[in-house]
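Read the structure below first, then the notes.
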Amino acid sequence: MSESSQKTPAEQHIEAIMRELDPDSERYRVLKSARRFKSSWVELGEELHKVSRQHLYRDWGYACFEDYCSREVRIKKATALKLTRAYNYLARQEPQLLRDETRLSVLPDYRTIDLLRQAQLEQQVTGEQYQTLRNSALEQLRSRPTVLKQFREMTATKENPREQRVRHGKAALSAVRRLLGSLEPLTDLARVYAEPLRELHDLLERELRPENTPEQPNADHNIASQ
């Protein structure tokens, strides 16, 4: 059986494009990373993050980042987003893991890193709970199902409907703020969507004002009434 017949259609597609490119070009490096994706998600995440941030896909004939990922790199939109978010999270929060001498060691699955990002940025867990998740994922190198189970147990608290509304409201407000920040350099989209997003931002802020959030039980009162 020939070597080419053992390769997936996606790998054959990527290599066909690579044969037409300068090996020193950025486009070639991204595809080379994509071909090694299974063993080196960090490398592909870094390259895709650069492609997205610098809009390099436009120079290569693609209208948007998602189109480039699906048609050339042959990965789904959701996978591309998780890869870039996971890499960006490591670069900001755990840069020591991205140093050259560390890259040869085992790193968690990119989906596990994206879970840590979600837990921290969307404030779904306490600081202590986040450290527990971080230790499981980065220090103990627990599997993604194990870390996901821990995360679900942490967030499956017994909340009344109002507390749930506040928690989801905080997560939504955080997401709207990030989206507004991301839209700033995209002036054509910002002209259309920024104002509705600001209205949603203001609505969520009003919803989360102290007078609208559930009161915490008075500890002295609870003890006295027992």
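The values are calculated or read from the model by the stated rules, or taken from the named source; none is laboratory data. Bear in mind the structure is a predicted one, so any value in this text is a computation, not a measurement. Glycine also receives a Cβ, built like all others from the backbone with ideal geometry; neighbour counts cover every protein chain displayed.
Which numbered condition trips up Trp60, out of (1) in contact (Cβ under 8 Å) with a residue 24 or more places away in the chain; (2) closer than 28 Å to Ala119 by Cβ? So the condition that Trp60 fails would be (2).
Before we move on, is Ser182 modelled with pLDDT under 85 and either surrounded by 13 or more Cβ atoms within 10 Å (Cβ to Cβ) or outside the structural domain of Thr132 (by TED's automatic domain parsing) (or both)? Quick ask: steps written out before the conclusion?
Details: modelled with pLDDT under 85: no; either surrounded by 13 or more Cβ atoms within 10 Å (Cβ to Cβ) or outside the structural domain of Thr132 (by TED's automatic domain parsing) (or both): yes.
Here the answer is no, as Ser182 does not meet what is asked.
Take Ser2 and tell me if it is small (Gly, Ala, Ser) and either surrounded by fewer than 18 Cβ atoms within 10 Å (Cβ to Cβ) or at pLDDT below 90 (or both).
On the way: small (Gly, Ala, Ser): yes; either surrounded by fewer than 18 Cβ atoms within 10 Å (Cβ to Cβ) or at pLDDT below 90 (or both): yes.
Against the criterion (small (Gly, Ala, Ser) and either surrounded by fewer than 18 Cβ atoms within 10 Å (Cβ to Cβ) or at pLDDT below 90 (or both)), Ser2 qualifies.
Answer yes or no: is there a residue in segment 32-41 that is more than 18 Å from Ala91 (Cβ to Cβ) and modelled with pLDDT of 90 or more. Before the answer, list the steps.
Here is the first cut: in segment 32-41, the ones more than 18 Å from Ala91 (Cβ to Cβ) are 32, 34-39.
Those still in the list that are modelled with pLDDT of 90 or more too: none.
There is no residue in segment 32-41 that is more than 18 Å from Ala91 (Cβ to Cβ) and modelled with pLDDT of 90 or more.
Can you go through Glu15, Glu46 and tell me which one is modelled with pLDDT of 80 or more, over 24 Å from Pro108 (Cα atoms) and assigned by TED's automatic domain parsing to the domain that holds Arg71? Among Glu15, Glu46, only Glu15 is modelled with pLDDT of 80 or more, over 24 Å from Pro108 (Cα atoms) and assigned by TED's automatic domain parsing to the domain that holds Arg71.
Scanning segment 59-99 for residues that are under 15 Å from Glu26 (Cα atoms), among the charged types (D, E, K, R) and touching a Phe, Trp or Tyr at 6+ places or on another chain (Cβ under 9 Å) returns a single hit, Glu72.
When Pro145 is tested against (1) surrounded by fewer than 16 Cβ atoms within 10 Å (Cβ to Cβ); (2) under 18 Å from the mean Cα position of the chain (by Cα); (3) outside any helix (DSSP H, G or I), just one condition goes unmet, and that condition is (3).
Which one of Arg206, Arg167 is at pLDDT below 85 and part of a helix (DSSP H, G or I)? Just one listed residue meets the conditions, Arg167.
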